[in-house]
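Here's the structure we're looking at; comments come further down.
The values are calculated or read from the model by the stated rules, or taken from the named source; none is laboratory data. Since the model is a prediction, treat every value here as computed from it, not as a measurement. No Cβ is skipped: glycine too gets one built from the backbone with ideal geometry, and neighbour counts run over all protein chains shown. Accessible surface is based on the protein model in full, side chains and every heavy atom, while ligands, DNA and RNA are left aside. Shrake-Rupley method; radii C 1.70, N 1.55, O 1.52, S 1.80 Å.
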Amino acid sequence: MRHERLGDDERDLARERLWRTRRTRGGDATPEGGELLLPEVFLSVPTPWLWEGWTLPSSDRYADENAESVAHARTVLEACLPAEPVPREVRAVWDVPDRDADTGIRRIGVPDVLRRLMRDTRRVTREQMAAARAEAEVLAVPGVPDAVDSFVGLWLPYVREQFADAAFQWIAQVDEEDRIVPWAMELALSFVERRCAAEQAVWMLRWTVDVPESVTALKRIAADPAVGAELRALAADGLPGS
């Protein structure tokens, strides 16, 4: 895959074949245990990945809608909010499309490796991060940092963002909206400002557009020149009468 005569499409195809082969043969297997990298508040959520659903130990699959689970979702979101905006160059690394827009060829990247190796929250460890870095290097994923600490610094915030995505999706479906007003709307604005889980934050506001605070937040985002054009358009399209 590092051969200089290979084109980008050929590299992507070769990387995907190697990825499938290593998964089938268990070549990416890693030991359990290690130094946990997430605070305690995250550990009762079985998985960070959005499509696995927002779950708590008190329920079979999805979190029951009660004061405890709403408060927990809020605490997780507050813990996920970065102190500073995510640098645009970091967002560019996180947001690389997983398929080529022209050919549809699958692009295996670090997020695929993290999802594979960190199936549950307690596997988000320094040891698993080191294994993920090594696996990404085997797959010749571009831009993999040489040092484990640098890899953790780049990708652990990405994992936190997945928790925020899942939490925003869950609170958007809370029936008793007074439980989430106004803190959820205020947090959504903060996440948009920090360029973290911003799209899911806007979708949460759109799904709760019957709440005046959500309308106000959408208007602010739609009119903010510091927000990217696509996100401004997503907010504007969610306003009543659009």
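Within the range 193-222, which residues are outside any helix (DSSP H, G or I), open to solvent by less than 10 Å² (accessible area, probe 1.4 Å) and closer than 20 Å to residue 86 by Cα? Hits for the range 193-222 are 196, 197. Restricting attention to the range 223-242, the residues that are within 14 Å of residue 204 (Cα to Cα) and not in a loop (DSSP other than H, G, I, E, B) total 5. Just checking, how many residues over the range 114-138 are open to solvent by 50 Å² or more (accessible area, probe 1.4 Å), under 30 Å from residue 78 (Cβ atoms) and of a type in the set (Val, Ile, Thr)? Matching residues across the range 114-138 total 0. Annotation note: of 159, 181, 141, the sole residue that is buried (at least 19 other Cβ atoms within 10 Å of the Cβ) and in a loop (DSSP other than H, G, I, E, B) is 141.
Inclusion of residue 56 among residues that are open to solvent by less than 70 Å² (accessible area, probe 1.4 Å) and at pLDDT 75 or above is not warranted. Annotation note: of 191, 151, 168, the sole residue that is farther than 24 Å from residue 44 by Cα and among the aromatic types (Phe, Trp, Tyr) is 151. What single numbered condition from (1) farther than 30 Å from residue 210 by Cα; (2) not in a helix (DSSP H, G or I) fails to hold for residue 134? That leaves (2) as the condition not met. The residue that is most open to solvent (accessible area, probe 1.4 Å), among those in the range 144-156 that are of a type in the set (A, V, I, L, M, F, W, C) and either closer than 21 Å to residue 216 by Cβ or not in a helix (DSSP H, G or I) (or both), is 147.
Restricting the range 128-172 to residues that are in contact with a helix residue (DSSP H, G or I) (Cβ under 8 Å, 6 or more places away or on another chain) and among the polar types (S, T, N, Q), the residue that is nearest to residue 194 (Cα to Cα) is 162.
Which members of the range 82-139 meet the condition of being modelled with pLDDT of 90 or more and among the hydroxyl-bearing types (Ser, Thr, Tyr)? The answer is 125, and nothing else.
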